[in-house]
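Chemist: Have a look at this one before I ask anything.
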Amino acid sequence: MNLEGKKQIWSSYQKEIADDNYYYARSCIRQNFFPASEVAFLRILREELGKNIFDDPNHTTCTGIGYHSDIVPFDTIQTVVARHFALMTEAGLENIAISCVTSFGMYTEILDLWEHFPEQLEKIREYLYKATKREFNIPKNIAHTSDIIYKFRNEIAQKAKYQLINKETGEPLRVVEHIGCHYAKMFPTKGVGGAEFPQVLSGMIESWGGNVVDYPERRHCCGFGFRNYLVQANRGYSVSNTKKKLESMKPFKPDFIVANCPGCAMFMDKWQYTLAEMEGVTYDEDGYGIPVLTYEEMAGLVLGYNPWDLGLQTHQVQCESLLNKIGIEYDPKAKYLDKNGNQLPIPESPMNLKV
Amino acid sequence: MIDNLFILPFTLGMITLFVILFIKYGLWISRLSKIDKLRIVQSLFSRRTLAAISESFMEGLIHRKMFRRHGLLGYMHMSLAFGWFLLIVFGHIEVFVQTGSFSTYPWIPIFFNYFNHDSFPGERIMANVMDFLLLFVLSGVLLAYFKRINSKVFGIKKTTKLKPGDRFAMASLWCIFPLRLFAESATAALYGNGGFLTNTVALCFQWVTPEVETGLWWAYSISLGIFFVCMPFSRYMHILTEILFIFLRHYGIKLKKQFNSYSRIQVYSCSRCGVCIDVCQMHIANISNNQSVYILKNMRDHDLTARKLYNCMLCGRCESACPVGINLNDLRISQRIKASKEYNSDYAFLQTLPCEPVVEDKKPEVIYFAGCMTHMTPGIKKSVVQVLEKAGVNYQFMDKEKGACCGRPLMLAGQYQAAQKLIEFNREKIIESGATTLLVSCPICYKVFRDDYELGQITIKHHSEYFLELVEQGKISLKKSDKSIVYHDPCELGRGCGVYIPPRTLLSKTGTVLSTEQEKVTSLCCSGSLGDLSLSMADRNIIKAETLKVLLKQNPDVLATACPLCKKTFVKGVDIQVKDIAEIIVDAME
Amino acid sequence: MRNFGFSTTKSRTIDYEKIDNRLIRYVLENEPTFNACLSCGSCTAICSAGNLTSFNIRRLSLQIRLGELEHAHEELDKCMLCGKCLLECPRGINTRNVIMLMKKGLYLIESESKEKNDR
Amino acid sequence: MIDVLIIGGGIAGLETACSLQDLGYETVIVEKEKTIGGHLNDWDTLFPTHRPASEVLEHYTEETRKRALTIYLNTYVISVKKQADGLFEVQTSRDVVFHCKSVVLASGYQLFNAERKEEYGYKIYDNVLTSADLEKRLKNLQGEFTTPTGVSPKRIAFIHCVGSRDEKSGNHYCSKLCCVTAVKQAIHMKQICPQADVFCCYMDLRMYGPGFEEMYREAQEKYHVQFIRGRLSEVAENANGSLQLKVEDTLAARPSRLQVDMLVLMVGMETAKSTELFAQSCGLECASNRFVKTKDHHIGSNQTNVDGIFTAGASIGPLSVFDTVNHAKSAAFAVNDYLKAMK
C-alpha cells in the first residue's frame, strides 16, 4: 500500500465541515442500539470541544429505513426531511449534523435532487406548508457526525487519555474501518476521502495511534440491506454478506472494527453472534469474535470515558479483551449495574460465542 | 523307429506347433456365438467349404492378391509358401514312389535323402523335381533377403517394424532352406543321390565326412524345430490364422460391433504386410503411427492409446486394400465401443418429445430424412425437395423442423448403446409413417440406416439412386449440357455402401463425367470425416488439398459429390463449383 | 448449532482460488484446440440436440472451465455427437472430441470419487 | 523562410520530415523533450512481431542523421499565427520565431492517467502497473522478472479498456491498440514467467490488424492465456501485497473473484494536453474525442480546417506505429500538394 497515493486521492476529496453551531439529526438505529454513543457524541462536542449543538426533541425519523424498504414514497421522505430543515431553521441554525449514514445519504440525495429540479423543491415546500405550516431554509453545511469528529480528531488526540496502541507490545492496534454504503458511494465528493479510499475513519484511527487495515472486502456492504434483513426469509442473504466481509478481514487479525454507520455497527456485531451460533465460527482466533465499536465509542474510549457509560456491555461481542489491550481501566463488577448502582439481570451466555 | 536323433528337434517342434494350434483354434471357435457355431456345423459339408479351400489355396499359397498388387512381392510370397507346400507334397510322393505306401513316419519325407541312399525306379526324376522345388523356394528366400535391404523394389514405401520374436522366427525361416540345400548336398557328395542342384553343390562338398553331414542335417532339423515353435508366437501365426479366418468368412460369420472371438481371429490374421500403411491418407499430414497395421498390433499387445484410436477418418481405404480382407473399420469401431462403453447416453429426452399425429389417409410413399449435415447445406435440402415436388412424389419430410441425429456419428465414435437409442427412436417414426421408401441425402445416415436400422420391407435409397429411378421412370427429365463433371465418391456411400455406378449414370445424363486416377473403391477421403475425433483442422486442410489435387487434375467445370459433408469440406478449398448431385439435377431439370 | 429460520447462502462468486479444474485440465490436455474457444455460441446455435432440448454447449464449456460439474453429466447426455458444431466452429475446435473427452473425464472423476467413498 | 515546420519529433514527425526533405523541402522539427522518438523511447517491443522498439527508433535516428535534419530539442511552440499572406509565424519557447509556409502537427498523444480510475488503485497498491510501466520494466529487465514488491508472479491479470470506452473517465472512444498490446504483453509474460497464470479481462477484443488475430489465437492455444469477458470493477490489496480483483464473468453471468500478484492496466490514448492547447490557439477544430479533426475522414486525413496546417500521426486519434508511419508519409504528400499549389 502506497500511502502517498492515498494521500493524493484524499487531497482531492476534502469537504467543508462547519466549525460550530450544529443542528443534531439523530438516528433511529443509533438511539435504539447505541444510545450511549449519542450521549458520548454530545458530551464530546459540548464538553471536550466546546461546541454548540442543538438536540431537538421535536425531530423524528427521516423514514429512510421505510424508504429503502419500499414502503415510504419518495415525496414523503422529502417532506419529512424538509420538516427537519424547518426545525433547524426555527432553531436559528444553518449547519446540520446527521448521526445516521442512511439519513446522511438521503439528505444529500434530496438536496442534490432539489438543486437539479427546483420545481421539486417548490412542491415539497408546498407539501410541508400544507401539512405543518412550516417553512425552511436549505442548510448551509451538511455533515455526518463522523465528519465532525474527523474534523476535530487532532483536538481529541491532544486530550486523549489512551492511544490505540497495544499496551504490552507497543504496536499500533490493527483497526478495520467500515464506512456505511450511503456515506460516499452515491456522492463521492460528499464524503471525506471519497468513496474508494474514505478518510473519515482512517483519519481518526491514525490520529489516535492505530493502524488501518485495508482488507479486500472493505468496500463490501455490512449486510444490512434493509429489505434483506427485514424479511426473515431473506436474512440468510444479509448474514452471508457479513460473512464475506468477516472472512476477508480474518487473515489480517484485526483488533476491532469501527463503523460510522449505526446499522453497520449493529449488524457486524450481531451477525457475528448469529454466525457463531449457526455455524460455530468466529473470526478472531480465540472464539470471542471481533469487537465492533461506533466511532463515538472509539473516541470516548480514547478520551478515557467509562466503558460502561459508553454502553459497551450492550454489544454482542464483548469488548474486555480490547480494553485490556489498550490498558483501559474498568470495573468488571460495574458492567451490569444501573446508574444508581443496582444490579441488572446478567444476560445469558451464547452457546458458541465466548463472552 | 528312430533312425537318428537329429529328427527330434523337427518332430518336437511340429508336435508343439500342432498342440498350440489345436488349443488356439479350439479356444477361438469355442468362444464364437452359438449362432456362429451353428453356421459352421451347417456349412461344414457344403460348397462353402470347397470355396474356402479354394480361397485358402489361392490366397494362402498362390497369394493372388499380392500378385495383383506387385509381381515381385507376389512371387516372393508364392515361392516361399507354395514352393514349400509342393516340397512337402512331392516329398510324400517321393516316399510313395520308393515304398509304394504313403504311411510312413512324418519325418521320413522331410529328411528323405538322409535316410535313403538306395536307388529306386524314378529316383532320378524325383530327385530332380525336388531339387527344382528347392530352387524355387530358395529364389523366394533370396528375394526375402533382398527385400529387407531394399523394400522399395517390392512396391512397399513403408514397412512395419519387427519384434524380437518375429526376428527369431524369421531368422530360422531364412535358415531352413539353405540348410536343407547344404545337408542334401553333403549327402549327395557322400552318396551321389542328389538331383541337378544338390549334385552340383555337392562338388564343393567333396571334403565332408559323415559326421559333418549329420551335423548339417541336425542344423536343418533344428532350424525347422525353432521355426515351428516360434511360429505361433510370431507374425507367422497369421498364415495359420488366416486360413481359419477364410473358412469362417465363407461360413457366413460376420463381424459384430462388439469385439469378440471372430474379431480376435481377424486381428491375428493380419500379415503385417503394410499395404494399409501405404494407402492411408494420414501420411500427407505426417501422421504415421495410427495406420491399421499398427492399431491391430496395439490391439494384440493391449496398448492402444485413445489418441491413436480416435485419430482415424474411417474412410475405409485400408479395408478395401487389405489382402486378407480384414474388416478394419469395424474392428476399430469395436475398440472405440469398448473404450467408451462406460459413458453412453440414454437420450431420455427423446421420450418426452411431442409426437406428431399420423394422418392415416395421407400415408406417404416416400419418407425423406435429411439429417444433420443436410440441414447445414440448405442448397441440397432445397434441391431434394424441388426434385420430389417436380416428380410429384408423395413424400413426408421426416426431420423438417426437429429431428434426432441418425446415430451414425455416435456409431463412428463408438457410442454404440447411445446410437441404439437414436436408432430406436427414428426407426419407430419411419415405420409409423407407413412409407415404403426411406430417402436420405446424406451417405453418413445412409450407412447406418442400411447396416443397423432393420427397417424390414422399407427400401432405403440414397438420393442419387432414387433420382436415377425417377429419371428412368420418366418422372423427371434432364437436359444434358457440355459441362465436364468430376464425381467424388463419398467414403460412406462408395466403400461404405458400394454405391458407385448410379451417381455416375445420373450425372452422365447432365454432362460429361470424367474419370480420375483414384476413384470408386480407391477414391480419396475429403478429410471432413466424422470418423476422426481428434484430427486438427490444419491437418484436415492438408489432406483435403491433396484430395482436391487428384480430383481437379483435369480441370472439370463442376466437382460433384453426393454428401453434404464432402461438399462443405471441399467448398472452402476451391474456386470451381462444388455441387451436390441433387443440385446438379435441379439445374438440369427441364 | 442453532436454527434461526435462515441460513447463509453459498456464494455465487466464481472464486479462482477454488476452481475444480480436474475435468477442464483433462479435456485441454487431450484436445488443446479447446483452448481457442471464443464462446461465440455458434456451436450452440446450430446444435441438433439444442433444437430438441435445452442443451447449450457454450454454457456447458464455460461451466466446466469454472469447475461446475453438477449438471455436466446430465447435459452431456443430450449431445448426439452429430458434428454440426465441428463444421461451424470458427476456431476449428474438435468439438466432438471435446464432448467425448468430457464424458470420459467425468466418468473417470465419478468413478474415482466412488472408489474413495467405497473405501 | 523555411518550407515546413513540424511540431513533434516522434516517429510521425521524423517520418514526415524525412519524406519532405526527400521531396526537396526545407524542414524544421520542434521537439519539447530532450530526445527524439517520443513514446517509442519507453517501449520494449512492438506488436505483432515482438520486435524491439529500439530497432524502429534506430532506423529513424539513422535516417535523421543521414539527412542532417534540423531539430530543435527542449523547445515547444507557444503560438502559431497565420498571416494575411498565408504564411505562418511560429513563436517558440526559445525566443526564436519561425516563419514558414506550412505547419505539420505531429504532437501525438498522451497516455491516460490511470490514477483517474481510483477503484483500480494505481499508485496506491504497489503491484498495480500500467501497460507503459510494464514496458519500462521489461525494457530494463535484468535477470528474473518480479513484481514491484519483488515477488515472482504466480498470477497476472491484464485489464483492457482502462480509460477507453469509458464515459466515466471522459473517454468514450476506443483506443484500439490496447487489446493487441495486452495480448502481446500477456504472451511476453508467459514467455518469461511460464509458471504464471495470465488472465485478460476484456469488454470486447478488437484484433483489427494483420497478424493480430493470429497473436490472440497463439495466446490462447500456445500460451494458455485465459480471457475473461468482463470489466474490472474494483481492486483490493491482500495482506501479502497480492491483489484481489472483482470482475463479472459476463459469459457465465456471475461475479468472480481473482487473486493476482500483478495487475496491468491497459491505459488508453488521449489527445496530448499540448495538442489541445495548440488547437485552441490556432483555431483547429477538434472531434468529440478531443483529438484534432481531419478535414475529410476518407480522402483528406492529413488536412485540417486551417489551410496550411497538417496533421501526422496520433494527433488525430489513436494510431499504431504502422498507422503512424503511413499517416506521416501521406502527410508529406499532402504538404507537397499544398506547397506546389502555392507557387
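Chemist: Could you grab me the full set of residues in the range A:284-335 that are under 17 Å from the mean Cα position of the chain (by Cα) and surrounded by fewer than 17 Cβ atoms within 10 Å (Cβ to Cβ)?
Modeler: A:THR314
Chemist: Tell me the helices (runs of 4 or more DSSP H) entirely within the range B:1-110 that contain at least 1 residues that are closer than 19 Å to B:MET231 by Cβ and over 22 Å from the mean Cα position of the chain (by Cα). Let's see the steps before the verdict.
Modeler: Details: elements: B:7-30, B:34-43, B:47-55, B:64-69, B:71-99, B:107-110.
In the range B:1-110, the matching helices (runs of 4 or more DSSP H) lie at B:7-30, B:71-99, B:107-110.
Chemist: Right, something else. I'd like to know if the range B:361-374 contains one or more residues that are among the hydroxyl-bearing types (Ser, Thr, Tyr) and within 14 Å of chain C (Cβ to nearest Cβ).
Modeler: Pass one, the range B:361-374, residues among the hydroxyl-bearing types (Ser, Thr, Tyr): B:368, B:374.
Still in the running and within 14 Å of chain C (Cβ to nearest Cβ): B:374.
There is at least one residue in the range B:361-374 that is among the hydroxyl-bearing types (Ser, Thr, Tyr) and within 14 Å of chain C (Cβ to nearest Cβ).
Chemist: What number of residues within the range D:329-342 are surrounded by 23 or more Cβ atoms within 10 Å (Cβ to Cβ) and touching a Leu at 6+ places or on another chain (Cβ under 8 Å)?
Modeler: Kept after step one, since they are surrounded by 23 or more Cβ atoms within 10 Å (Cβ to Cβ), are these residues of the range D:329-342: D:331-332, D:335.
Retained after the next criterion (residues that are touching a Leu at 6+ places or on another chain (Cβ under 8 Å)): D:332, D:335.
Residues flagged as surrounded by 23 or more Cβ atoms within 10 Å (Cβ to Cβ) and touching a Leu at 6+ places or on another chain (Cβ under 8 Å) within the range D:329-342 amount to 2.
Chemist: Considering only helices (runs of 4 or more DSSP H) fully contained in chain C, which possess at least 3 residues that are within 14 Å of chain B (Cβ to nearest Cβ) and surrounded by fewer than 16 Cβ atoms within 10 Å (Cβ to Cβ)?
Modeler: Values: elements: C:22-30, C:42-46, C:48-52, C:57-65, C:72-76, C:84-88, C:95-118.
Qualifying helices (runs of 4 or more DSSP H): C:95-118.
Chemist: Quick one: would you say D:VAL335 is farther than 28 Å from D:ASN113 by Cβ and modelled with pLDDT of 95 or more?
Modeler: Working: farther than 28 Å from D:ASN113 by Cβ: yes; modelled with pLDDT of 95 or more: yes.
Criteria met by D:VAL335.
Chemist: Which helices (runs of 4 or more DSSP H) does the range B:146-251 wholly contain that include 1 or more residues that are not assigned by TED's automatic domain parsing to the domain that holds B:LEU87? Break it down stepwise before answering.
Modeler: Working: elements: B:164-191, B:196-202, B:210-230, B:237-250.
Answer list for the range B:146-251: B:237-250.
Chemist: Still on this structure, please answer the following. Look at the range A:204-236 and say how many of its residues are touching an Asp or Glu at 6+ places or on another chain (Cβ under 9 Å), of a type outside the set (Val, Ile, Thr) and assigned to a helix (DSSP H, G or I).
Modeler: Here the count works out to 6.
Chemist: Test D:LEU205 against the criterion of being within 11 Å of another protein chain (Cβ to nearest Cβ) and among the hydrophobic types (A, V, I, L, M, F, W, C), and give yes or no. Write out each step before concluding.
Modeler: On the way: within 11 Å of another protein chain (Cβ to nearest Cβ): yes; among the hydrophobic types (A, V, I, L, M, F, W, C): yes.
The answer is yes for D:LEU205.
Chemist: So if I check each of D:GLY121, D:GLY163, which one is at positive phi and within 14 Å of chain A (Cβ to nearest Cβ)? Break it down stepwise before answering.
Modeler: Details: D:GLY163 fails: within 14 Å of chain A (Cβ to nearest Cβ).
Among D:GLY121, D:GLY163, only D:GLY121 is at positive phi and within 14 Å of chain A (Cβ to nearest Cβ).
Chemist: Which residues, taken from the range A:203-223, are more than 13 Å from chain D (Cβ to nearest Cβ) and without any contact (Cβ under 8 Å) to a residue 40 or more places away in the chain?
Modeler: A:GLU206
Chemist: Residue pairs, Cβ under 7 Å, 6 or more apart or interchain, first in the range D:130-152 and assigned by TED's automatic domain parsing to the domain that holds D:CYS179, second surrounded by 15 or more Cβ atoms within 10 Å (Cβ to Cβ) and aromatic (Phe, Trp, Tyr). List them.
Modeler: Listed pairs, sorted by first residue: D:THR130/D:TYR122; D:GLU135/D:TRP43.
Chemist: What tally of residues in the range D:76-105 results from selecting those that are within 22 Å of D:ALA12 (Cα to Cα), among the small types (Gly, Ala, Ser) and either touching a helix residue (DSSP H, G or I) at 6+ places or on another chain (Cβ under 6 Å) or surrounded by fewer than 13 Cβ atoms within 10 Å (Cβ to Cβ) (or both)?
Modeler: 2
Chemist: Say we look at the range D:106-118 and pick out the residues that are within 14 Å of another protein chain (Cβ to nearest Cβ) and crowded, with 18+ Cβ neighbours inside 10 Å; which of these is nearest to A:ARG218 (Cα to Cα)? Before the answer, list the steps.
Modeler: Initial filter on the range D:106-118 (within 14 Å of another protein chain (Cβ to nearest Cβ)): D:113-118.
If we keep only those that are crowded, with 18+ Cβ neighbours inside 10 Å as well, we get D:114, D:117-118.
Values: D:ALA114: 21, D:LYS117: 18, D:GLU118: 15 Å.
Among them, the one singled out is D:GLU118.
Chemist: Scanning the range B:281-297 for residues that are out of contact with any helix residue (DSSP H, G or I) (no Cβ under 7 Å at 6 or more places or on another chain) and under 19 Å from B:ILE337 (Cα atoms), which turns out farthest from the other protein chains (Cβ to nearest Cβ)?
Modeler: Among them, the one singled out is B:LYS297.
Chemist: Name the strands (runs of 3 or more DSSP E) wholly within the range D:1-109 that hold at least 2 residues that are within 25 Å of the chain's Cα centre (by Cα)? Outline the logic, then answer.
Modeler: Values: elements: D:2-7, D:27-30, D:70-72, D:77-82, D:88-92, D:97-105.
Of the strands (runs of 3 or more DSSP E) lying wholly inside the range D:1-109, those with at least 2 residues that are within 25 Å of the chain's Cα centre (by Cα) span D:2-7, D:27-30, D:70-72, D:77-82, D:97-105.
Chemist: Here's something else I'd like to know. If I filter the range A:1-59 down to residues being among the aliphatic types (A, V, I, L, M), within 14 Å of chain D (Cβ to nearest Cβ) and assigned to a helix (DSSP H, G or I), which single residue comes out as surrounded by the fewest Cβ atoms within 10 Å (Cβ to Cβ)?
Modeler: Among those residues, the one meeting the criterion is A:LEU3.
Chemist: Quick one: which residue in B:TYR268, B:TYR262 is without any contact (Cβ under 8 Å) to a residue 40 or more places away in the chain and either crowded, with 18+ Cβ neighbours inside 10 Å or in the same structural domain as B:PRO164 (by TED's automatic domain parsing) (or both)? First the steps, then the outcome.
Modeler: Details: B:TYR262 fails: without any contact (Cβ under 8 Å) to a residue 40 or more places away in the chain.
Matching residue, one of B:TYR268, B:TYR262: B:TYR268.
Chemist: If the requirement is being in the same structural domain as B:LEU438 (by TED's automatic domain parsing), free of Cβ contacts under 8 Å to residues at least 40 places away in the same chain, over 30 Å from B:CYS270 (Cβ atoms) and of a type in the set (Gly, Ala, Ser), which of these qualifies: B:GLY371, B:GLY403?
Modeler: Details: B:GLY371 fails: free of Cβ contacts under 8 Å to residues at least 40 places away in the same chain.
From the options B:GLY371, B:GLY403, the qualifying one is B:GLY403.
Chemist: Same structure, new question: Determine whether B:LYS553 is away from every other protein chain (no Cβ under 14 Å) and either assigned to a helix (DSSP H, G or I) or of a type in the set (D, E, K, R) (or both).
Modeler: Details: away from every other protein chain (no Cβ under 14 Å): yes; either assigned to a helix (DSSP H, G or I) or of a type in the set (D, E, K, R) (or both): yes.
Taking the combined requirement at face value, the residue satisfies it.
Chemist: Mind checking whether some residue in the range B:519-536 is in a helix (DSSP H, G or I), under 30 Å from C:LEU101 (Cα atoms), outside the structural domain of B:PRO443 (by TED's automatic domain parsing) and hydrophobic (A, V, I, L, M, F, W, C)? Lay out the reasoning, then the answer.
Modeler: If we filter the range B:519-536 for residues that are in a helix (DSSP H, G or I), which is where we start, we get B:520-522.
Add one more test, that the residue is under 30 Å from C:LEU101 (Cα atoms), and what stays is none.
No, every residue in the range B:519-536 fails to be in a helix (DSSP H, G or I), under 30 Å from C:LEU101 (Cα atoms), outside the structural domain of B:PRO443 (by TED's automatic domain parsing) and hydrophobic (A, V, I, L, M, F, W, C).
Chemist: State yes or no: is D:LYS184 closer than 21 Å to D:PHE112 by Cβ, without any contact (Cβ under 8 Å) to a residue 24 or more places away in the chain, under 25 Å from the mean Cα position of the chain (by Cα) and assigned to a helix (DSSP H, G or I)?
Modeler: Numbers: closer than 21 Å to D:PHE112 by Cβ: yes; without any contact (Cβ under 8 Å) to a residue 24 or more places away in the chain: no; under 25 Å from the mean Cα position of the chain (by Cα): yes; assigned to a helix (DSSP H, G or I): yes.
Considered against the rule, which asks whether it is closer than 21 Å to D:PHE112 by Cβ, without any contact (Cβ under 8 Å) to a residue 24 or more places away in the chain, under 25 Å from the mean Cα position of the chain (by Cα) and assigned to a helix (DSSP H, G or I), D:LYS184 comes out as no.
Chemist: Does the range A:224-235 contain any residue that is touching a residue at least 12 places away in the same chain (Cβ under 8 Å), within 14 Å of chain D (Cβ to nearest Cβ) and surrounded by 21 or more Cβ atoms within 10 Å (Cβ to Cβ)?
Modeler: Looking for residues that are touching a residue at least 12 places away in the same chain (Cβ under 8 Å), within 14 Å of chain D (Cβ to nearest Cβ) and surrounded by 21 or more Cβ atoms within 10 Å (Cβ to Cβ), one finds none in the range A:224-235, hence no.
Chemist: Just to check your reading of the model, which residue among B:LEU559, B:LEU565, B:LEU535 is modelled with pLDDT under 95 and crowded, with 21+ Cβ neighbours inside 10 Å? Step through it out loud before you land on a result.
Modeler: On the way: B:LEU559 fails: modelled with pLDDT under 95; B:LEU565 fails: modelled with pLDDT under 95.
Of the residues listed, the single one that is modelled with pLDDT under 95 and crowded, with 21+ Cβ neighbours inside 10 Å is B:LEU535.
Chemist: It is to be established whether one or more residues within the range A:261-274 are more than 23 Å from A:ALA299 (Cα to Cα), free of Cβ contacts under 8 Å to residues at least 12 places away in the same chain and facing another protein chain (nearest Cβ under 7 Å).
Modeler: No, because not a single residue in the range A:261-274 is more than 23 Å from A:ALA299 (Cα to Cα), free of Cβ contacts under 8 Å to residues at least 12 places away in the same chain and facing another protein chain (nearest Cβ under 7 Å).
Chemist: Within the range B:54-66, does at least one residue satisfy the condition of being at pLDDT 90 or above and more than 30 Å from B:ARG148 (Cα to Cα)?
Modeler: Yes, that holds for at least one residue.
Chemist: Just checking, how many residues over the range D:203-252 are of a type in the set (Ser, Thr, Tyr) and either touching a helix residue (DSSP H, G or I) at 6+ places or on another chain (Cβ under 6 Å) or modelled with pLDDT of 95 or more (or both)?
Modeler: The initial filter retains those residues of the range D:203-252 that are of a type in the set (Ser, Thr, Tyr), namely D:208, D:216, D:223, D:233, D:242, D:250.
The next check asks that each one be either touching a helix residue (DSSP H, G or I) at 6+ places or on another chain (Cβ under 6 Å) or modelled with pLDDT of 95 or more (or both); those that pass are D:216, D:223.
Residues in the range D:203-252 being of a type in the set (Ser, Thr, Tyr) and either touching a helix residue (DSSP H, G or I) at 6+ places or on another chain (Cβ under 6 Å) or modelled with pLDDT of 95 or more (or both): 2 in total.
Chemist: Restricting to strands (runs of 3 or more DSSP E) lying wholly in the range B:427-500: which have 1 or more residues that are surrounded by 17 or more Cβ atoms within 10 Å (Cβ to Cβ) and in contact with a Gly (Cβ under 8 Å, 6 or more places away or on another chain)?
Modeler: Of the strands (runs of 3 or more DSSP E) lying wholly inside the range B:427-500, those with at least 1 residues that are surrounded by 17 or more Cβ atoms within 10 Å (Cβ to Cβ) and in contact with a Gly (Cβ under 8 Å, 6 or more places away or on another chain) span B:437-440, B:484-488.
The values are calculated or read from the model by the stated rules, or taken from the named source; none is laboratory data. Note that the structure is a prediction, hence the values are computed from the model and not measured. Note that we place each Cβ from the backbone using ideal geometry, even for glycine, and neighbour counts take in every protein chain shown.
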